[in-house]
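The values are calculated or read from the model by the stated rules, or taken from the named source; none is laboratory data. Note that the structure is predicted; figures quoted are calculated from it, not measured. Cβ: placed from backbone, ideal geometry, glycine included. Neighbour counts: every protein chain shown.
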Amino acid sequence: MSEFQFGMRHPTIDTAAEPDEADVDEEEQDPPLVPVDEANLDAVLEETNVLEVLDQLDRELIALQPVKTRIREIAALLLIDKLRRDVGLASERPSLHMSFTGNPGTGKTTVAMKMAQILHRLRYIEEARVVACTRDDLVGQYVGHTAPKTKEVLRRAYGGVLFIDEAYYLYRPENERDYGQEAIEILLQVMEAEREKLVVIFAGYKDRMDDFFRSNPGLSSRVAHHIDFPDYSIEELMQIAHLMLEQQNYTFAPGTEDAFRAYLDRRVKRPRFAHGRSVRNALDRARLRQANRLFTEHHGVISREELMTLTPDDFLKSSVFAEDRIPEEDDEPLGVV
């Protein structure tokens with residue numbers, strides 16, 4: 001395979017003729033760099049404002065303490081590497097490709113966006129941008145289709161972070177005519193040759209991602225950071241719900257919190273449960289029921305408090321409380337975020 005080219009602008013270097021010795025003015029030459037003995041961490045923190053992103057991560061993501069700790073460790077490594085460069089010490093750019101494993105709705109995409117902000121502020125990528133894709137965006141249906149598709153996605157992600165969700169679907173050894181391996185080979189080459197210009201994050205279920213990396217040791221050797229996202233407990237899901245309600249100016253009427261907890265107790269046992277995403281979808285449906293209730297019951301002025309308040313019935317009418325209804329109904333997104 002020929003060397004992959006992004007097709008982006010690269011600086012050109014013109015070779016100039018060497019000047020005669022008489023043309024060189026020693027006084028005009030740049031003075032040699034003098035090593036310094038100390039670096040100012042506070043100044044770098046103020047310049048990059050990385051702590052702001054880490055604080056946002058703490059505020060906006062409930063629980064996930066092991067994930068937050070790992071992100072802080074990566075940020076600390078990059079900060080110290082910057083200080084090492086400032087004092088003239090060797091500081092090779094670390095491998096920044098990552099693997100995020102965990103169940104749906106556990107915050108992987110959100111953390112990827114925060115990671116992009118950190119990398120951008122520390123000047124490891126050009127833009128705080130995440131391009132998300134799946135197998136369908138990378139793999140073609142016929143010979144000669146995969147390479148252009150994969151390269152187009154890489155072109156869009158160039159200078160930022162490429163987030164590949166359910167990455168294990170790229171590898172389908174049971175199908176001899178599958179073109180996923182071609183996409184993997186292009187990714188391998190880019191992850192090594194363009195590592196200073198692109199960070200790739202693979203994401204998916206932990207067991208399937210483990211099998212994926214075992215089957216593709218070349219990918220595994222290029223991924224330096226493997227971060228597992230644990231499931232949320234019921235109490236943590238309740239905290240997520242309260243955070244979402246606060247952001248959207250809603251509140252629970254008396255008894256509604258118990259109704260929503262009962263909803264979660266049932267919903268976590270149903271198919272297609274997706275943690276934070278399922279909480280958001282449940283609140284969206286409760287808002288739909290509330291809107292329908294207010295529209296039906298009122299024919300005049302509606303108070304601000306009524307517009308803000310979700311009642312127990314807004315959740316108890318969910319299909320999870322009735323065995324004869326479609327169990328997955330309440331996990332279908334409404335298109336309302």
- Query: Out of (1) modelled with pLDDT of 95 or more; (2) part of a loop (DSSP other than H, G, I, E, B); (3) surrounded by fewer than 17 Cβ atoms within 10 Å (Cβ to Cβ), what's the single condition that is false for Thr106?
  - Reply: (3)
- Note on the structure: Contact list, first residue from the stretch 271-283 and without any contact (Cβ under 8 Å) to a residue 60 or more places away in the chain, second anywhere and assigned to a loop (DSSP other than H, G, I, E, B) and among the hydroxyl-bearing types (Ser, Thr, Tyr), beta-carbon distance below 7 Å, six or more apart or interchain, is none
- Query: For the stretch 265-284, does any single residue satisfy the condition of being at pLDDT below 95, in a helix (DSSP H, G or I) and under 32 Å from the mean Cα position of the chain (by Cα)?
  - Reply: no
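Yes/no per residue for (1) of a type outside the set (Asp, Glu); (2) within 20 Å of the chain's Cα centre (by Cα):
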residue: Gln189; (1), (2): yes, no
residue: Phe212; (1), (2): yes, yes
residue: Ser221; (1), (2): yes, no
residue: Asp231; (1), (2): no, yes
residue: Leu245; (1), (2): yes, no
residue: Glu257; (1), (2): no, no
- Of the conditions (1) surrounded by 17 or more Cβ atoms within 10 Å (Cβ to Cβ); (2) more than 22 Å from Glu235 (Cα to Cα); (3) hydrophobic (A, V, I, L, M, F, W, C), Ile62 clears all except one; give me its number. (2)
- In the stretch 107-119, is there at least one residue being charged (D, E, K, R) and without any contact (Cβ under 8 Å) to a residue 60 or more places away in the chain? no
- Message: Return the pair list, or none, for Cβ contacts closer than 8 Å from residues in the stretch 291-308 that are closer than 19 Å to Pro254 by Cβ and free of Cβ contacts under 8 Å to residues at least 60 places away in the same chain to residues that are in a helix (DSSP H, G or I) and acidic (Asp, Glu), at least 6 apart or on different chains.
- Response: Arg293/Asp313; Arg293/Asp314; Leu294/Glu306
- Query: What number of residues in the stretch 224-247 are surrounded by 13 or more Cβ atoms within 10 Å (Cβ to Cβ) and either free of Cβ contacts under 8 Å to residues at least 12 places away in the same chain or of a type in the set (Lys, Arg) (or both)?
  - Reply: 1
